[in-house]
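K.L.:
Please find one structure pasted underneath; my questions will follow.
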Amino acid sequence: MKNGRIKPENPPPPEYAFGYRHPPRSGNEINGLGESTRRQPRHVFHSAGGPPLDWQALDDFFGLISPWSVLRHVIGNAWQLRNKDGPVNPEQREVADAAGMAIEIKERARQLGADLAGVSRITDGALYEGIQVPFKYAISIGMKMDREQMAHVPQVTAAAEVMRVYKEISRVAVRLAKQIRNMGWPARAYGNPNSTDILQIPLAVNAGFGQLGKHGSMISKEFGSNFRLAAVLTDLPMACDEPVDIGVDDLCLSCRRCVTDCPPDAIFDEKQLIRGEKRWYVDFDKCIPYFVKTNGCAICIEVCPWSVPDRGPSLSAKMLAKRGVRVGSDRAGSESG
Ligand code: SF4
Ligand code: SF4
């Protein structure tokens, strides 16, 4: 890291990890780039035991080239996720106060090690096509990554930190789900790599964590994009949080940092039409080979100004003030990302 700014030194060249004899169907087509009708998302990468995907070979290659420093966290995570489900206590705790229960559950998540916690209703937009889950609510949890380790993007040191945090946050999700089942309510933990039923970002947006940035990742006021997500799905009655407007769009419309630092030029400078909705989007076909080659890249999320420690609150206040929004509370306004 130089002058407090992350800039990868000598990043690997943006070449394909390997050549397909028959290139797979475009991931952008699978993702619905340019489609004007709303529909649920389809799997394109990371099937976690589901049916083989068009990009399965590259997904397999991603796993095969993982160095031990990364792989040990992947294995530890997969092992603890064997307990994602479990028996439910037949004596159910009655919930008369859904708002109070939401506060209690978020506090429990924080005590278990989460840095962010929020509740939302599970919507179709957060479920992959063909997937149904027997739950009403999602508890999204976030955990920050070590910024010093992430300064090494796109090298293995950063990839190991990403997987370490996925392992830690999955542990929180598994323990929280168990606590809820002990209260007599069904609950299932979803941590990488078993989160392929659900999309974590729409749930986290609805849980009030922040907004989608131009680089296609979540941006929170607390940690920018320097954090990872997991979730617990449950029927435990809880009051839901609301999406927030922290001014992400305002900065992304004038900032190009992630666009210029992305080695394969994968980040669109303007919002794209994706399954009937205009939003920020990353060109899958350009990003993913470089992502695989570098064990997970992550350059775009670390160079983002929101990821500079402690910068988010002042950045958000500045963006909202420019737009003339009076900030009366931590969670003002509505979603725009
Ligand atoms: S992870 Fe971000 S910076 Fe890296 S290739 Fe993909 S879009 Fe570009
Ligand atoms: S680097 Fe700039 S343009 Fe990219 S997501 Fe962050 S604020 Fe938006």
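The values are calculated or read from the model by the stated rules, or taken from the named source; none is laboratory data. All values derive from a computational prediction rather than experimental measurement. Positions of Cβ are backbone-derived with ideal geometry, glycine not excepted, and every protein chain shown enters the neighbour counts.
K.L.:
Restricted to segment 245-284, and to residues that are on the phi > 0 side of the Ramachandran plot and more than 10 Å from ligand 1 (Cβ to nearest atom), which residue is surrounded by the fewest Cβ atoms within 10 Å (Cβ to Cβ)?
P.N.:
In this case the residue turns out to be Gly276.
K.L.:
Give me the residue from segment 285-327 that is among the charged types (D, E, K, R) and surrounded by fewer than 22 Cβ atoms within 10 Å (Cβ to Cβ) and, out of that set, modelled with the lowest pLDDT.
P.N.:
The qualifying residue modelled with the lowest pLDDT is Arg326.
K.L.:
In segment 56-74, how many residues are more than 21 Å from the chain's Cα centre (by Cα), in a loop (DSSP other than H, G, I, E, B) and not hydrophobic (A, V, I, L, M, F, W, C)?
P.N.:
Number of matching residues: 1.
K.L.:
Now for a separate question. Just checking: which of the strands (runs of 3 or more DSSP E) contained wholly in segment 213-286 hold 1 or more residues that are touching a Phe, Trp or Tyr at 6+ places or on another chain (Cβ under 7 Å)?
P.N.:
218-220, 227-234, 272-274
K.L.:
So which residues in segment 85-96 are among the acidic types (Asp, Glu) and surrounded by 12 or more Cβ atoms within 10 Å (Cβ to Cβ)?
P.N.:
Asp85, the sole residue that qualifies.
K.L.:
Follow-up question, since we're still on this one. Quick check on my filter: what residues within segment 195-232 are hydroxyl-bearing (Ser, Thr, Tyr) and either away from ligand 2 (no atom under 16 Å from the Cβ) or within 20 Å of Leu320 (Cα to Cα) (or both)?
P.N.:
Keep residues of segment 195-232 that are hydroxyl-bearing (Ser, Thr, Tyr), which gives 195-196, 217, 220, 225.
Hits for segment 195-232 are Ser195, Thr196, Ser220, Ser225.
K.L.:
Which condition does Gln92 not pass, out of (1) in contact with a helix residue (DSSP H, G or I) (Cβ under 8 Å, 6 or more places away or on another chain); (2) among the polar types (S, T, N, Q); (3) assigned to a loop (DSSP other than H, G, I, E, B); (4) at pLDDT 95 or above, if it passes all the others?
P.N.:
(1) is the only condition that Gln92 fails.
K.L.:
A follow-up question, please. Could you check Asp285 against (1) within 12 Å of ligand 2 (Cβ to nearest atom); (2) of a type in the set (D, E, K, R); (3) farther than 26 Å from Met319 by Cα and say which number it fails?
P.N.:
Result: Asp285 fails condition (1) only.
K.L.:
Oh, and also: Kindly indicate whether Ala102 is within 15 Å of the chain's Cα centre (by Cα) and crowded, with 18+ Cβ neighbours inside 10 Å. Write out each step before concluding.
P.N.:
On the way: within 15 Å of the chain's Cα centre (by Cα): no; crowded, with 18+ Cβ neighbours inside 10 Å: yes.
Against the criterion (within 15 Å of the chain's Cα centre (by Cα) and crowded, with 18+ Cβ neighbours inside 10 Å), Ala102 does not qualify.
K.L.:
For the subset of segment 75-84 comprising residues that are surrounded by 12 or more Cβ atoms within 10 Å (Cβ to Cβ) and farther than 21 Å from Arg121 by Cβ, which member is farthest from the chain's Cα centre (by Cα)? Give the steps one after another, and end with the answer.
P.N.:
Going through segment 75-84, the residues surrounded by 12 or more Cβ atoms within 10 Å (Cβ to Cβ) turn out to be 75-78, 80-81, 83-84.
Now drop any that are not farther than 21 Å from Arg121 by Cβ, which leaves 75-78, 80-81, 83.
Working: Ile75: 20, Gly76: 20, Asn77: 16, Ala78: 18, Gln80: 20, Leu81: 18, Asn83: 22 Å.
Here the residue is Asn83.
K.L.:
Please enumerate the residues belonging to segment 289-301 that are assigned to a helix (DSSP H, G or I) and either more than 10 Å from ligand 1 (Cβ to nearest atom) or out of contact with any strand residue (DSSP E or B) (no Cβ under 9 Å at 6 or more places or on another chain) (or both).
P.N.:
The answer is Pro289, Tyr290, Phe291, Val292, Lys293, Ile299.
K.L.:
Within the set of pairs 6+ apart or on separate chains, which have a first residue in segment 160-182 that is more than 10 Å from Asn77 (Cα to Cα) and of a type in the set (S, T, N, Q), a second that is part of a helix (DSSP H, G or I) and modelled with pLDDT of 95 or more, and C-beta atoms under 8 Å apart?
P.N.:
Gln179/Arg108
K.L.:
Okay, moving on. Among the residues of segment 138-156, write down those that are in a helix (DSSP H, G or I) and touching a residue at least 40 places away in the same chain (Cβ under 8 Å).
P.N.:
Arg147, Glu148, Met150, Val156
K.L.:
Now for a separate question. What about Gly191, is it closer than 16 Å to Met143 by Cβ and away from ligand 2 (no atom under 16 Å from the Cβ)? Can you show your working first?
P.N.:
On the way: closer than 16 Å to Met143 by Cβ: yes; away from ligand 2 (no atom under 16 Å from the Cβ): yes.
In short, yes.
K.L.:
Among the listed residues Pro134, Pro193, which satisfies the condition of being under 22 Å from Val74 (Cα atoms) and in a loop (DSSP other than H, G, I, E, B)?
P.N.:
Pro193
K.L.:
Please list, ordered by first then second residue, the pairs with beta carbon atoms under 7 Å, 6 or more apart or interchain, first in segment 284-304 and more than 20 Å from Arg25 (Cα to Cα), second modelled with pLDDT of 90 or more and basic (Lys, Arg).
P.N.:
Once the first residue is more than 20 Å from Arg25 (Cα to Cα) and sits in segment 284-304, its partners that are modelled with pLDDT of 90 or more and basic (Lys, Arg) give Val303/Arg257; Cys304/Arg257.
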